[in-house]
Amino acid sequence: MNTRRKLLLALAATLATPHLASAQEKLRRIAYFASGRVGVPSPFLEALVSGLREMGWEEGRNISISPHWTAGTLEDEQRLAREMLASNPELIVTGGRNAATVHRARPAAPVVFSFSGDPVDAGFVQSFARPG
């Protein structure tokens, strides 16, 4: 092979490498379980997406966020929590009253939650030192 062809092949391989690496990057699944309605903007979800983007996590590239909106009775919330868990998320983000619903569903995935009370007293975690 002549030098020109070798140079072109090396250049093509160099340019293709980032695309191959990003194509092989695993898409992580995050479930967002919160009060709200489909189609109504959520400042909390927007803040989560923005914060993740700042850390290099972009929806469609390396994460997939599936929102699960609760607006109804406790029975509806429990049903939606079961449906959410059936989608096998790798991480669950929730907050407030929904944190209790997710906790009762006993997910296998880690749960990140906001809660204005004491999570130890509420029974969400064993202790602050060892949340479980």
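The values are calculated or read from the model by the stated rules, or taken from the named source; none is laboratory data. Because the structure is a prediction, the values reported are computed rather than measured. No Cβ is skipped: glycine too gets one built from the backbone with ideal geometry, and neighbour counts run over all protein chains shown. With ligands, DNA and RNA removed, areas are computed over all heavy atoms of the protein, side chains included. Shrake-Rupley method; radii C 1.70, N 1.55, O 1.52, S 1.80 Å.
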Separation of alpha-carbon centers, segment 61-123 and segment 37-58, rounded to whole Å
16
Linear extension gain, V40 paired with S64, 0.36 nm per residue minus alpha-carbon span
6.7 nm
Could you list the GluC sites (Glu not before Pro) in segment 48-132 that lie in coil according to DSSP, counting only those with at most 11 other Cβ atoms within 10 Å of their Cβ?
E58
Whole-Hz Karplus ³J(HN,Hα) for segment 61-78, in order, using 6.51 cos²θ - 1.76 cosθ + 1.60 and θ = phi - 60°, x for Gly and Pro?
9, 9, 9, 10, 10, 10, x, 10, 9, 10, 7, x, 7, 4, 5, 4, 4, 5
Between D121 and L74, how high is the FRET efficiency from 1/(1 + (r/R0)^6) when r is the Cβ-Cβ distance and R₀ = 22 Å? Nearest 0.05.
0.60
So how exposed is R53, as accessible area in Å² (1.4 Å probe, rounded to 10)?
130
Taking square-rooted eigenvalues a ≥ b ≥ c of the alpha carbon gyration tensor, is segment 28-132 rounded, prolate or oblate, where a/c under 1.5 means rounded and, failing that, a/b exceeding b/c means prolate?
oblate
Nearest-0.05 FRET efficiency for S87 and S50 at R0 = 35 Å, using Cβ-Cβ distance, is 0.90
